[in-house]
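The values are calculated or read from the model by the stated rules, or taken from the named source; none is laboratory data. Remember, it's a predicted structure, so these values are computed and weren't measured experimentally. Using ideal geometry, Cβ is built from the backbone for each residue, glycine included, and neighbour counts are taken over all protein chains shown.
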């Protein structure tokens, strides 16, 4: 079955460009288009898509609130935020609201399609060229950072804390296994436990948690 996608963007040309590209791809299907956040929320309820590609700045309900409303529902689709560099602060908020990916509008359409497949497969993705800027710019802001480890962080084991720190540094499971001298399967088990204990939706949110709790700093 193809991955069913809802596109939410107030610019018809952006939606039209994605629709044209996706039309020739057998494993992805656009099942709905929305010009506002409210329309996106309603389409998700009506159509039950697998993925929502969500702009942030839209009239009325913006993409952040729409993402929050969509992801809080049981069986919610994954949300990929599609925006511009000017929206960095908003993108951080969107990730905290439950988005599983962050892409920029000047990416090649083929890269956006690849991201849809990656997120649909259960992974999370942030455009490589903005990952460091996004995390570094907001992680140490006083209003976002936690001065002391939260109860959730205190509740994880030393070994889990080590894995979380390495995730925060952007390491893959294979690299973590190599660094800690453990198997890839063991790393996967640690990641699964961290997701459950910290209430994180995916790996993106584990990275954010690591930075917010100062397990990783921009110079680390």
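If you check 43, 7 for being assigned to a helix (DSSP H, G or I) and either surrounded by 17 or more Cβ atoms within 10 Å (Cβ to Cβ) or at pLDDT 95 or above (or both), only one passes: 43. Taking the criterion of being buried (at least 20 other Cβ atoms within 10 Å of the Cβ) and within 18 Å of residue 2 (Cα to Cα), the residues of the stretch 98-120 that qualify are 112, 115, 116, 119, 120. Those helices (runs of 4 or more DSSP H) of the stretch 90-196 in which 2 or more residues are modelled with pLDDT under 65, out of contact with any helix residue (DSSP H, G or I) (no Cβ under 6 Å at 6 or more places or on another chain) and closer than 28 Å to residue 62 by Cβ occupy 128-139. Quick check on my filter: what residues within the stretch 68-81 are over 12 Å from residue 6 (Cβ atoms) and buried (at least 24 other Cβ atoms within 10 Å of the Cβ)? Across the stretch 68-81, the qualifying residue is only 81. Could you tell me which residue of the stretch 51-67 is farthest from the chain's Cα centre (by Cα), considering only residues that are assigned to a loop (DSSP other than H, G, I, E, B) and buried (at least 19 other Cβ atoms within 10 Å of the Cβ)? Going through the qualifying residues, I end up with 58.
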